[in-house]
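Heads up: the structure comes next, in structure tokens.
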Amino acid sequence: MPEDSLLDSALVRLDEAARHINVDADVIEKLKYPRETTKARLMIRMDDGSRKSFLAWRCRYDDTRGPTKGGIRFHPDASADEVEMLAFWMTFKCAVMNLPYGGGKGAVQVDPRKLSKAELERLSRSYMQAFSRIIGPDRDIPAPDVYTNAMIMGWMADEYSQIVGHASPAVITGKPLALGGSVGRGDATARGGYYLVRHLFAELGLKGKLRIAIQGFGNAGQHIASLFAADGHSIVAVSDSGGAVQASGGLSLAALLAAKQENNSVIHTIGKDGHEALSADQLVGVECDVLVPAALENMIRIDNAETIKARVVLELANGPVTHDADEILAKRNVVVLPDILANAGGVTVSYFEWVQNKQGYYWELPEIHEKLRVIMEREGRAIWELASSRDVTVRTAAYVHALSRLAEAIEAHGTQSYFDS
Ligand code: GLU
């Protein structure tokens, strides 16, 4: 029997949601497959004069609710299958938040840490050249994801503008402010998760000052640490690709951020400020109230889910908990705030950026924060209530919530529509 694809494993959540809501079989059939996945081989000139090629993809999973939206990941393990799974999640994430978007995702199979800045720029521009026919401000709108950032989005926006012959900032989000980026996009993923936990604090069974453990200390991990620490909660353990550190009385945030800046790993704080070494595998099992997976997929699995002591798992990464692990956590009454809700702050502020680009009028930071808070709390509350009234996990409730919006849109298009093909 052929092995299940990554996308198949993600579709289990769709099947589960479909059991709790009355949707037409046509709707499920439509959502089971990506609309289109384009593959390209990017050729770039390296600094030493040699030529090198990298595989790249862009998947437009479903555009029923609007242009496809989702990040571009640069990672050595990227694959077509992973891109399709991530694009499926984006479809549901945008529907969860009621953003007028479908879902998409892109990737380049590369370790960007091994490229010079000039090589990285050539690779980013070459991505846009390869996919400019399917990308566009009303068609498919990329953004940052794992190992991509504002600088890369800036190069891509510039390349697209050159191709179409005029400035087109709304083609991509997460840009530098100087190129039409939005204030508040930098910490938006973490901030959305933080607003969600703050809003459901009592319902989640949380009390007083929290102990937080964070797996992954990139953009989302660093910002969630700062947001919780600013409220007086303590960060008791943190890991990154170099290793992990812990301090039961609380880690020094300043030391963690400095080590990340200077040496690119939190392990350089070991031995200072009471920071002790911890093996990266042990991080999920540390004593804490909230565990924040903020790295990659499949970090909480059948083999370590039993060790979790946290009451709440806040999924800032996409897909950090496997389906089997979900079942274990549900049995153990650990509440998982699922990725398609918990990390949706990022794409929500991307939406604000796109709206600002289209209208050519820019908002101030307090306005962005307030708009994000309102949406996060509204959708978070609706999903929480759905989970309670149906007696299902928050993840299943989030899928049901999104599926009902997707079903309504699919049906509204009619059966002879381009969107029905
Ligand atoms: N890559 C982020 C995500 O997975 C953001 C996507 C976006 O802003 O379009 O949600």
Quiz item: How far apart, in nm, are the 7 Å Cα→Cβ label points at Arg198 and Ile21?
Solution: 2.8 nm
Practice problem: Collect residues whose amide H, placed 1.01 Å from N in the peptide plane, falls under 5 Å from the amide H of Ile235; neighbours closer than 5 in sequence don't count. | Solution: Ile212, Leu251
Quiz item: Averaged over all directions, how much area does the convex hull of the C-alpha atoms of segment 76-181 cover when projected, in nm²?
Solution: 6.8 nm²
Quiz item: How large is ³J(HN,Hα) for each residue in segment 255-272, as worked out from phi by the Karplus curve 6.51 cos²θ - 1.76 cosθ + 1.60 (θ = phi - 60°), to whole Hz, x for Gly and Pro?
Solution: 5, 4, 5, 5, 5, 5, 5, 7, 10, 6, 8, 5, 5, 6, 8, 4, x, 10
Quiz item: When we measure straight from the Cα of Lys32, which aspartates and glutamates land under 14 angstrom away, once same-chain ones fewer than 8 places off are left out?
Solution: Asp4, Asp8, Asp15, Glu16, Asp24, Asp62, Asp63, Asp81, Glu84, Asp420
Quiz item: Quick one: length gained pulling Ala277 to Glu327 fully straight, 0.36 nm per residue minus the C-alpha distance?
Solution: 14.9 nm
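Rounded to the nearest 0.05, what FRET efficiency is calculated for Ser389 and Lys207 with R0 set to 30 Å and r the Cβ-Cβ distance?
Working: r = 24 Å, r/R0 = 0.82.
Efficiency at R0 = 30 Å is approximately 0.75.
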Quiz item: Once every DSSP H run of n ≥ 4 in the chain is given -39500 (n - 2.57) and the sum is divided by its residues, what mean residue ellipticity at 222 nm do you get, rounded to the nearest 500 deg cm²/dmol?
Solution: -13500 deg cm²/dmol
Quiz item: Relative contact order for the chain using alpha-carbon pairs under 8 Å, separation at least 6, rounded to a whole percent?
Solution: 16 percent
Practice problem: Starting from the Kirkwood radius over alpha-carbon pairs of segment 27-114, derive D by Stokes-Einstein at 20 °C in a medium of 1.002 mPa s and give it in µm² s⁻¹. | Solution: 157 µm²/s
Quiz prompt | Largest-first principal axis extents, alpha carbons of the chain, Å | solution = 58, 56, 52
Quiz item: Once the piece of chain linking Arg41 and Ser79 is laid out straight, how much longer is it, given 0.36 nm per residue of separation minus the C-alpha distance between them?
Solution: 12.4 nm
Quiz item: Share of antiparallel DSSP beta bridges in the chain, in percent to the nearest 5?
Solution: 50 percent
Self-check item: Span per principal axis, largest first, for the Cα atoms of segment 1-147 (Å)
Solution: 59, 40, 21
Quiz item: So what are the ³J(HN,Hα) numbers for segment 119-134, from phi and the Karplus equation (6.51, -1.76, 1.60; θ = phi - 60°), rounded to whole Hz, Gly and Pro as x?
Solution: 5, 4, 5, 5, 5, 5, 5, 5, 4, 5, 4, 5, 10, 4, 6, 9
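Only bridges whose two residues both fall in segment 183-268 count here: according to DSSP, what percent of them are antiparallel, nearest 5? Before the final figure, lay out each step's value.
Numbers: 4 of 9 bridges.
If I count the DSSP bridges inside segment 183-268, around 45 percent turn out antiparallel.
Dipole of the chain, Cα-centred, from +1 at each Lys and Arg C-beta and -1 at each Asp and Glu C-beta, to the nearest 20 debye?
Values: 46 positive and 54 negative charges, 177 e Å.
Result for the chain is approximately 860 debye, rounded to the nearest 20.
What's the FRET efficiency of Glu29 with His413 using the Cβ-Cβ distance as r and R₀ = 25 Å, to the nearest 0.05? Let's see the in-between values first.
Working: r = 14 Å, r/R0 = 0.58.
For R0 = 25 Å, the calculated efficiency reads 0.95.
Please report the antiparallel percentage of the DSSP beta bridges confined to segment 55-115, to the nearest 5. Please report the intermediate quantities before stating the final value.
Numbers: 6 of 12 bridges.
Around 50 percent antiparallel, to the nearest 5.
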Quiz item: Across segment 375-392, in residue order, what do the Karplus-derived ³J(HN,Hα) couplings come to in whole Hz, using 6.51 cos²θ - 1.76 cosθ + 1.60 with θ = phi - 60° and x for Gly and Pro?
Solution: 5, 4, 5, 5, 6, x, 5, 4, 5, 4, 5, 5, 4, 5, 6, 8, 6, 10
Quiz item: Roughly how many Å is it from the Cα centre of segment 353-421 to that of segment 203-220, as a whole number?
Solution: 24 Å
Exercise. Name the residues whose placed amide hydrogens come within less than 5 Å of the amide hydrogen of Ala78, ignoring near sequence neighbours (fewer than 5 apart) on the same chain.
Key: Val110
Quiz prompt | Other-chain or far-sequence residues with amide H under 5 Å of Ala244's (modelled H) | solution = Leu278, Ala280
Quiz item: For the pair Glu262 and Ser53, what calculated FRET efficiency results from E = 1/(1 + (r/R0)^6), where r is the Cβ-Cβ distance and R0 = 30 Å, to the nearest 0.05?
Solution: 0.35
Quiz prompt | 18 Å tail of the calculated P(r), segment 303-374, as % of Cα pairs | solution = 51 percent
Quiz item: What is the Å³ per residue value for the convex hull set by the Cα atoms of segment 210-353?
Solution: 103 Å³
Quiz prompt | Rough spin-label spacing in nm, given labels placed 7 Å along Cα→Cβ, for Asp231 and Ala178 | solution = 3.5 nm
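Every read-out reported here was derived from the displayed coordinates using simple, explicitly stated rules and does not represent laboratory data. Quick caveat: nothing in here was measured; it's all calculated off a predicted structure. Note: ideal-geometry Cβ built from the backbone for every residue, glycine included; neighbour counts use all protein chains shown.
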